[in-house]
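A.B. asks: Just dropping this structure here.
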Amino acid sequence: REQDIHQFVEDKLLAIDLGIKRIAATYDEERVLLYSGKLIMSLNRLRDKINAMTQRKLSVLSKHSRRYRKIRSANRQVARRINNKITDILHKYSRKIVNYCVENEIGTIAVGDCSGIHNSPNCGRKNNQKIVSHPEQRLLRYIRYKFEDIGGVVKTTPEAYTSRTCPCCGLVKQSSPNGRVFKCQGCGFEYDRDGIGSMNIYLKEKVSFDEPKAKLDVVGGLTPPIGLKYISNQDCLVKI
């Protein structure tokens, strides 16, 4: 498979901030790309609703009856189709991210390590359900094996306070920003909240290269983030 190994610039970096409404936000010092996770959230809700309806029907039936087995079989088929659709979306997102790295000769992907939130009991019942059912860790696995298979490097970076810290002046907000926009109370820098997270992951990882006090240079302003989402009836990704 030597023909599949690409020549990358090792110190060129793409930072990824994983999430829920935006399953991934990427930054490479040039632009921010936001990958929508709303369709995946909708599919998760649909699967949970169908499972709940199925359990209500099964609760009044004999466990070994023909109707019981028929309902369970139908539920498995529907759940399988929903899971396959989610897997397809994740593969398309991961392929888009890897292809972006190939096109721009990016040799390293740094991903914010959010795996610990799945073990936190303090997110509230509703948020815990979203976190547990959301497959951002599967997206990370797909990115990892696809990118490492062609010679790239994927590493995780602690993401503590990345959504609260201004990437320009370094001021840390005392609480998480409300809404989807981050505004620094110190220097006034304003940008998309998930984009801020990916920028700070980028700056954290840059410290391991040759910039011990990396700060974001926004002279002239940053370009607005570019949103991408999956359109089911076209089976493709489109800009939003």
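A.B. asks: Can you pull out the residues in the stretch 212-237 that are at pLDDT 85 or above and open to solvent by less than 70 Å² (accessible area, probe 1.4 Å)?
C.D. replies: 225, 226, 227, 228, 230, 231, listed by residue number.
A.B. asks: Anything in the stretch 138-161 that is open to solvent by less than 50 Å² (accessible area, probe 1.4 Å) and within 17 Å of residue 35 (Cβ to Cβ)? List them, or say none.
C.D. replies: Listed by number, the residues that qualify are 139, 140, 142, 143, 146, 147, 154, 159.
A.B. asks: Of the residues in the stretch 45-72, how many are within 21 Å of residue 86 (Cβ to Cβ) and of a type in the set (A, V, I, L, M, F, W, C)?
C.D. replies: Total meeting the criteria: 4.
A.B. asks: Next up: Name the single residue, out of those in the stretch 162-204 being charged (D, E, K, R) and open to solvent by less than 70 Å² (accessible area, probe 1.4 Å), that is modelled with the lowest pLDDT.
C.D. replies: 173
The values are calculated or read from the model by the stated rules, or taken from the named source; none is laboratory data. All values reported here derive from a predicted model rather than from experimental measurement. Note that each Cβ is placed from the backbone with ideal geometry, even for glycine, and that neighbours are counted across all protein chains shown. Quick note on the areas: whole protein, heavy atoms, side chains included, nothing else; ligands and nucleic acids left out. Shrake-Rupley method; radii C 1.70, N 1.55, O 1.52, S 1.80 Å.
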